[in-house]
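Notes follow the structure.
Coordinate-derived values only; no laboratory data. All values reported here derive from a predicted model rather than from experimental measurement. When we count neighbours, we look across all protein chains shown, and the Cβ atoms used for this are built from the backbone with ideal geometry, even at glycine.
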């Protein structure tokens with residue numbers, strides 16, 4: 001094909017520009033998906049399944065990142081770590097006699113640690129979304145703990161389910177009271 005007409009030359013250039021733009025957009029979407037999958041792990045799939053639309057789910061995850069980056073999350077002081085650790089030990093001890101009550105106390109203690117660190121805690125779904133940014137591998141278990149802790153004494157929950165919830169809650173609790181900030185969170189906040 002011999003392109004000598006200026007109109008044909010402009011048309012071919014426009015087509016190449018459009019194709020280049022489409023390819024660039026596709027590559028950016030692939031990179032975004034990869035970044036979000038790496039950052040959120042299993043929470044990425046849970047959000048995809050819950051929302052049902054990839055673009056909306058990824059926008060939701062990006063919004064969580066942006067929200068947490070606006071928060072003033074701080075590490076706990078040594079005194080706060082000590083106080084919370086002692087409260088957690090007491091709660092675990094109480095589990096033997098009153099498992100559901102102890103689990104409810106553990107849920108409140110996690111909320112108190114989050115509040116002290118600077119997370120908003122009024123709404124559970126917001127707490128879980130915020131936790132998913134910094135602790136994506138623990139948020140599913142946190143949801144499970146909270147679901148069981150919200151039950152009444154008359155509800156049928158096995159002691160084993162409560163024990164598992166307490167173990168998972170302990171993992172989140174220990175991560176929340178750690179003194180060092182996560183390198184990813186620091187890097188994300190420095191980008192802003």
Review point. Which FRET efficiency value, to the nearest 0.05, do you get for residue 29 and residue 164 by plugging their Cβ-Cβ distance into 1/(1 + (r/R0)^6) with R0 = 41 Å?
Key: 0.65
Study note, to complete from the structure: Helix 78-94 sits off the longest principal axis of the Cα atoms of the chain, rounded to the nearest 10 on a 0 to 90 degree scale, by 60 degrees
Study note, to complete from the structure: Stokes-Einstein, Kirkwood over Cα pairs, the chain, 25 °C, 0.890 mPa s; D in µm²/s equals 127 µm²/s
Practice item. Arrange 53, 141 by Cβ neighbour counts within 10 Å, fewest through most, would you? Key: 53, 141
Practice item. Note down the relative contact order for the chain as a percent, whole number, built from C-alpha pairs under 8 angstrom at least six residues apart. Key: 25 percent
Revision key, fill the gap. Taking Cα atoms, the helix 124-134 axis meets the longest principal axis of the chain at an angle in degrees (rounded to 10) of 70 degrees
Point to revise | Sorted peptide list for 6-18, 86-98, 36-48, criterion being average Cβ within 10 angstrom, highest first | key: 36-48, 86-98, 6-18
Check your understanding: Going by alpha carbons, how many degrees (0 to 90, nearest 10) lie between the helix axis of 99-117 and the longest principal axis of the chain?
Key -> 50 degrees
Review point. Exposure proxy check: 167, 68 ranked by fewest other beta carbons within 10 Å?
Key: 167, 68
**Study point:** Equivalent-ellipsoid semi-axes of the stretch 69-153, from the Cα gyration tensor, Å, largest first
**Key:** 22, 17, 10
Exercise for review: Would you mind pulling out the separation of the Cα centroids of the stretch 78-145 and the stretch 158-176, in Å?
Suggested key: 9 Å
Check your understanding: Is it possible to state the helix-based mean residue ellipticity at 222 nm for the chain, with each DSSP H run of 4+ residues giving -39500 (n - 2.57), the sum divided by total residues, to the nearest 500 deg cm²/dmol? What is it?
Key -> -25500 deg cm²/dmol
Check your understanding: By count of other Cβ within 10 Å, fewest leading, how are 25, 166 ordered?
Key -> 25, 166
